[in-house]
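Laboratory data are not the source of any read-out in this text; all were calculated from the coordinates shown. For clarity, every value in this text was computed on a predicted model and none was experimentally measured. Cβ sites come from the backbone with ideal geometry, for glycine too, and all protein chains shown count toward neighbours.
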Amino acid sequence: MKILITGGAGFIGSHVVRRFVNTYPNYEIVNLDKLTYAGNLENLLDVEKSANYKFVKGDIVDAAFIQNLFDKENFDAVIHLAAESHVDRSISNPIEFVMTNVVGTCNLLNAAKTSWKGDYDKKRFYHVSTDEVYGTLGEGTEMFTEETSYDPHSPYSASKASSDHFVRAYYDTYGMDCVISNCSNNYGSFHFPEKLIPLSIHNIKQNKAIPIYGKGENIRDWLWVEDHARAIDVIFHKAKSGETYNIGGHNEWTNIDLIRTLCKVMDKKLNREEGTSEKLITYVTDRAGHDLRYAIDAKKLKNELGWEPSLQFEEGLEKTVDWYLANETWLNNVTSGNYQHYYEEQYQNR
């Protein structure tokens, strides 16, 4: 089987690529990534020389390039993770999110339809999406299920909702074998340090302010990224065509409680007096359209396919902190921008 994984140099994508390359040596894995600021080939140093792995630099918005790639490689399946994913960036530049997340997804769908010529036996298009398409929840016990109506509130979530609808449309209209998963907030190793947890770890190390939106009361369900990659593996191999699965960590935390817990972990790891890092917390103006609460009901995934998260948040958070403290070179290369030269140095002259 030859599988195209898009966005494989990103945070979640690199974990999916690593899992498939290492777990399935009989699969050919082609990692397609544009290498925007969030794409980092240093995330994949441990597998880049594997015999069943190949990297291709390219933009899913370029329809001709995508079709040529499908014609050349003759893919059997697509696991589509490539996306612009930061809500704040979508607020400042929504059109970029429309192009990558909507048009790019349609280009992939159309190339797959053309390449597979209506024969979807042993073919699969797997679209990895987000729980943000569902909108927001109150402070009660209600959770997002696969039947929850879409109600996106940011340009990012609206673009992902649109891409979800196009994937379902290709399933309904053309009979393409398609599956979708909607996941909660991920955390773990190789996370780009613009996001809450890695940004806070970095700032605590540097004794810089930890910015918290509003009063820090927004609630998120946190999923360890390696559990997410395992869920993608299970869904890719076992899900029925046309199905959607929610992937959640069963770990709801307010932002402020999460950061206070992280501060305690960091004080312990850095041999600082308890309470030192918490003094860095700084409340900033809330994000426009900031959803109050996300919570995932992942019972369908557990009951039908047997997946459930392996880590509770405190254990996963400590593993994450340990990884960032042990990988200062990676973090320094990202924060300095040096990681962006890796492709030119290692790939262009091959």
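When the square roots of the Cα gyration tensor eigenvalues are ordered a ≥ b ≥ c, the ratio a/c for region 89-167 is 1.5 or more and a/b does not exceed b/c, which makes its shape oblate.
When the Cα gyration tensor is reduced to axis lengths a ≥ b ≥ c, the ratio a/c is 1.5 or higher for region 19-78, and with a/b not above b/c it is classed as oblate. For the chain, the alpha carbon positions stretch 63, 50, 38 Å along the principal axes, listed from largest to smallest. For region 179-257, the Cα gyration tensor yields ellipsoid semi-axes of 30, 14, 8 Å (square root of five times each eigenvalue, largest first, whole Å).
With contacts taken as Cα pairs under 8 Å at a separation of at least 6 residues, the chain carries a relative contact order of 17 percent.
Qualifying GluC sites (Glu not before Pro) in region 259-350, where qualification requires a DSSP coil assignment and no more than 16 other C-beta atoms within 10 Å, comprise 273, 274.
Between rounded, prolate and oblate, where does region 132-172 land on the alpha carbon gyration tensor, with a ≥ b ≥ c its root eigenvalues, rounded for a/c under 1.5, else prolate if a/b exceeds b/c? Cα axes put region 132-172 in the oblate bin.
For the cross-link pairs 49/205; 279/319; 123/160; 208/302; 49/268; 34/264, which exceed 30 Å when the distance is taken from alpha carbon to alpha carbon? In this structure, 49/205; 208/302; 49/268; 34/264 lie more than 30 Å apart at Cα. Cβ crowding within 10 Å ranks 126, 347 as 347, 126, fewest other Cβ atoms first.
Loop-located trypsin sites (Lys or Arg not before Pro) in region 252-281 (DSSP state other than H, G, I, E, B) with a sparse environment of at most 14 neighbouring Cβ atoms within 10 Å: 272.
Remark on region 236-311: ratio of C-alpha radius of gyration to 2.2 N^0.38 Å is 1.60.
Both radii were evaluated on the Cα set of region 286-341; the Rg over Rh quotient, with Rh as the Kirkwood radius, amounts to 1.16. A dipole drawn for region 133-208 from +1 and -1 charges on Cβ atoms has a positive end, and of 185, 173, 143 the residue lying farthest that way is 185.
Taking every C-alpha pair closer than 8 Å and separated by at least 6 residues, the mean separation divided by the residue count of region 7-135 gives a relative contact order of 24 percent.
Out of every Cα-Cα pair that region 1-111 contains, those further apart than 19 angstrom amount to 42 percent.
Start at zero, step by 5 Å, and the Cα-Cα distances of region 230-273 spread as 5, 16, 16, 12, 10, 11, 11, 10, 6, 3, 1 percent across the bins. For region 111-134 versus region 279-331, the spacing of their alpha-carbon centroids is 27 Å.
Annotation for residue 300 and residue 195: the two label points, set 7 Å from Cα along the Cα-Cβ direction, are 2.3 nm apart.
Across region 224-350, C-alpha contacts under 8 Å between residues 6 or more apart give a mean separation that, scaled by the residue count, equals a relative contact order of 34 percent.
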